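Values quoted throughout were computed directly from the atomic coordinates according to the rules given, and no laboratory measurement underlies them. Quantities reported herein were computed from a predicted structural model and do not represent experimental measurements. Note: ideal-geometry Cβ built from the backbone for every residue, glycine included; neighbour counts use all protein chains shown.
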Amino acid sequence: MNFEDFQKAWQSQDASAQVTINAEVLMKEVRRNQQQFQATIFWRDAREVGVAIFLTWYFIQRGLRTDSWTDCLVGLTCFGVGAFMVVDRLLQRKKQPLASDSLLVCVQTSLLQVNHQIWLLKNIFWWYLLPLSAALGVSVAVTCWHELDRASQLAGWCGYAVVCILLDWFLYWLNQTAVKKSLVPRRRELEVLLAETGNPVPTSTKP
Amino acid sequence: MTASEQEAIFRRWLDAHLGLMLKVVRGCAAAPPDQDDLFQDVLLQVWSSIPAFRGVAKETTWIYRVAFNTALAWSRGERRRREGHETFLKFDVSPQSQPSHAEALPEQEIVAQLYAAIRQLPKVDASLALMHLDGLSYSEMAEVLGISENYIGVKLNRIRLQLAEKMKGATDEL
């Protein structure tokens, strides 16, 4: 048999005749899925923005009430980190591939997005862990300085440093594991797809 | 676009292009639960894409793009199982749905083997094979995939050989 025979057999099949679709249930499911998807996106964004707003409000109002500039500093840092996340999310949403884009555009856009996610998580120390740890560190140091004796000050600072290093290391490790286990394999898949379309893989994305 | 207009277009596309969507689904997923899962994703994406459809591209090209992009994203992502969803899709294997004439049976077998062979191809090649078997022109395939017609020509030569090789054993048995 040659390819034309395969093509003839292929085109003679009536794929849709072998399935029965309950149109009403289908419409209900499509609407339900659409609502579910929109709700998931909304609540994920609301959670991130909500936490940032709450922490900003909490520390700033506490700082103003107790006349503590260090609390205000923590509040402003929370605001900065939250604003960075929101702006990044909004910018990335604009660059999301559409399902109706050509496959090549879809792969290229997805690759850019995955690379951005990898960059974000690889640099989480600089935009998330360090600012928050430093602001909290200043707050702890000043509080210890004003309220404790010399020996307790040292114990307080050391205690904070140990907890902070362990927590930061754990969060950093968690994010790097996510990069390794989920994002890097996804990038590799996209690179294979891009290569299959005959387009060179950008050198910046090569591991 | 109002919701009722969107729904009307969706229903029309479903009537006209259901076969196309199912072919893509079967070409990308082998197990029935996976096919069901992917088919729902394709339908959802087709539904969501309707407001952006301006009629510049052909309906078939548009639906192919949405279906292929969804299939590629689906195989990359987690195989999500939708809990508690109502079943709207039933594959009909009753005797009434089978062809009455005897020579149609080998054809069905060939088609089944073709699906199996396509699923073994790399993803972009599988997309090309599906469209080529459906008789799309080079320019239509180029529009769906966003790659040049020349490159499609080169790839199709290779794909035809690969399919012929994979089908060799299968057709010998028939």
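If the chain between A:Lys181 and A:Val87 were fully stretched, how many nm would it gain, using 0.36 nm times the residue separation less the Cα-Cα distance?
Computed gain between A:Lys181 and A:Val87 is 31.2 nm.
Run through every distinct alpha carbon pair of region B:1-80 and return the Kirkwood hydrodynamic radius in angstroms, one decimal place. Before the final figure, lay out the partial values.
On the way: mean 1/r = 0.0778 Å⁻¹.
Result for region B:1-80, one decimal place: 12.9 Å.
Considering Cα pairs under 8 angstrom that are at least six residues apart, work out the relative contact order of region A:98-207 and quote it in whole percent.
Dividing the mean separation by the residue count of region A:98-207 yields 42 percent.
Tally Lys and Arg at +1 and Asp and Glu at -1 over the other residues with C-beta under 14 Å from the C-beta of A:Gln61: what net charge comes out?
Its environment carries a net charge of 0.
If each residue's Cβ is checked for other Cβ atoms within 10 Å, how do A:His146, B:His17 rank with the fewest at the top?
Least to most surrounded, the residues fall as A:His146, B:His17.
Run the paramagnetic zone check for B:Asn157: 7 angstrom along Cα to Cβ, then residues of region B:124-151 with backbone nitrogen under 15 Å.
Residues B:149-151 qualify, since their backbone N sits under 15 Å from the label point.
Only loop residues by DSSP count here, and only those with at most 13 other Cβ atoms within 10 Å; note down the trypsin sites (Lys or Arg not before Pro) in region A:80-139 that meet that.
Sites meeting the loop and neighbour criteria: A:Lys95.
Quick one: Debye curve from the alpha-carbon atoms of region A:65-177 only, equal weights, vacuum; give me log10 I(q)/I(0) at q = 0.19, 0.21 Å⁻¹ to two decimals.
At q = 0.19, 0.21 Å⁻¹ the computed log10 ratios are -1.03, -1.14.
How far is it, in nm, from the label point at A:Arg31 to the one at A:Arg65 when both lie 7 Å from their Cα along the line to the Cβ?
4.7
For region A:22-94, what value does the Rg/Rh ratio take when both radii are computed over Cα atoms and Rh is the Kirkwood radius, given to two decimals?
Numbers: Rg = 18.9 Å, Rh = 14.5 Å.
So for region A:22-94, dividing Rg by the Kirkwood Rh gives 1.30.
Which one of A:Val25, A:Phe125, A:Ser182 has its Cα pushed farthest toward the positive end of the charge dipole of chain A, where Lys and Arg give +1 and Asp and Glu give -1 at the Cβ?
So the residue we want is A:Phe125.
Please identify which residues in region A:170-185 have an amide N closer than 19 Å to a label point set 7 Å out from the Cα of B:Ala73, following the Cα→Cβ vector.
Within reach of a label on B:Ala73: A:182-185.
Using only the C-alpha atoms of the protein assembly as shown, find the volume of their convex hull and express it per residue in Å³.
Dividing the Cα hull volume of the protein assembly as shown by its residue count gives 177 Å³.
Counting other beta carbons within 10 Å of each Cβ, put A:Leu190, B:Leu20, A:Leu76 in order, fewest first.
In order of increasing Cβ crowding within 10 Å: A:Leu76, B:Leu20, A:Leu190.
Determine the relative contact order of region B:1-80: mean sequence separation of Cα pairs under 8 Å and six or more apart, normalised by residue count, in whole percent.
39
Please list 3J(HN,Hα) in residue order for region A:177-191, calculated via the Karplus relation 6.51 cos²θ - 1.76 cosθ + 1.60 where θ = phi - 60°; whole Hz, with x for glycine and proline.
5, 4, 4, 5, 7, 10, 7, 5, x, 5, 4, 4, 4, 5, 5
Between A:Asn115 and A:Asn2, what's the calculated FRET efficiency when r is the beta-carbon distance and R0 is 35 Å? Round to 0.05. It would help to have the intermediate numbers written out before the result.
Numbers: r = 44 Å, r/R0 = 1.25.
That pair, A:Asn115 with A:Asn2, gives E of 0.20.
Using the beta-carbon distance between A:Leu174 and A:Lys94 and R0 = 45 Å, what value does 1/(1 + (r/R0)^6) give for FRET efficiency, to the nearest 0.05? Could the numbers behind the result be given before it?
Working: r = 28 Å, r/R0 = 0.62.
Efficiency computed from Cβ-Cβ geometry: 0.95.
Starting from the Cα of B:Ser137, step 7 Å along the direction of its Cβ; do the same at A:Ala155; then give the gap between the two resulting points in nm.
It is 8.4 nm.
Given a Förster distance of 35 Å, report the FRET efficiency between B:Gln108 and B:Ser148 from their Cβ-Cβ distance, rounded to the nearest 0.05.
0.50
Calculate the length of the line joining the C-alpha centroid of region A:158-205 to that of region A:81-97, in whole Å.
So the separation of the two Cα centres works out to 18 Å.
Would you order A:Ser12, B:Ser48 from fewest to most other beta-carbon atoms within 10 Å of each residue's own beta-carbon?
A:Ser12, B:Ser48
Which semi-axis lengths, in whole Å and largest first, follow from the square roots of five times the eigenvalues of the Cα gyration tensor of chain A?
The answer is 51, 23, 14 Å, longest axis first.
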